[in-house]
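The values are calculated or read from the model by the stated rules, or taken from the named source; none is laboratory data. Since we're looking at a predicted model, the values are computed, not measured. No Cβ is skipped: glycine too gets one built from the backbone with ideal geometry, and neighbour counts run over all protein chains shown.
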Amino acid sequence: MWQLAIAINSLRNELAHSLQSEKRQRKTKALIELYSKHNKDHFELHKNEPEHVILLWAVTLLMGFLGAFEEEGDRFRSLVNEMDLIVNPHRHVDGKM
């Protein structure tokens, strides 16, 4: 998924500098290939869609991943905070972080 994020950012950077370029076409193709590898079943359903629709699906997949990743990070931080309350009660006068 991180490769997909890098490919999306690379295409975004290219579009910021030029809407029509050879690099844009190569980066778009590479991004679509990455998306098809990461999400084969879904890609099969939409492989005949216009390029911009496939790119939208790729960005949507990444956004879902990043949202879940952020939630897991928050959950982990909460667990660490709970463990710290138990292991280091002297640091928490009122029982809170």
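Numbers for the structure displayed
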| quantity | calculated |
| --- | --- |
| Single unsatisfied condition, GLU33 versus (1) more than 13 Å from LEU4 (Cβ to Cβ); (2) in a helix (DSSP H, G or I) | (1) |
| Check on ALA5, modelled with pLDDT of 95 or more, in a helix (DSSP H, G or I) and of a type in the set (Gly, Ala, Ser) | yes |
| Which numbered condition LEU85 misses (of (1) closer than 30 Å to ARG24 by Cα; (2) surrounded by 12 or more Cβ atoms within 10 Å (Cβ to Cβ)) | (1) |
| Within the stretch 41-52, considering residues that are surrounded by 10 or more Cβ atoms within 10 Å (Cβ to Cβ) and assigned to a helix (DSSP H, G or I), the one modelled with the highest pLDDT | GLU51 |
| Residues of the stretch 16-30 classified as more than 16 Å from LEU62 (Cβ to Cβ), assigned to a helix (DSSP H, G or I) and of a type outside the set (D, E, K, R), total | 3 |
| Check on LEU61, at pLDDT 95 or above and part of a helix (DSSP H, G or I) | no |
| Close pairs (8 angstrom Cβ cut-off, 6 or more residues apart or separate chains): surrounded by 11 or more Cβ atoms within 10 Å (Cβ to Cβ) in the stretch 5-21, assigned to a helix (DSSP H, G or I) and among the β-branched types (Val, Ile, Thr) anywhere | ILE8/VAL59; LEU11/THR28 |
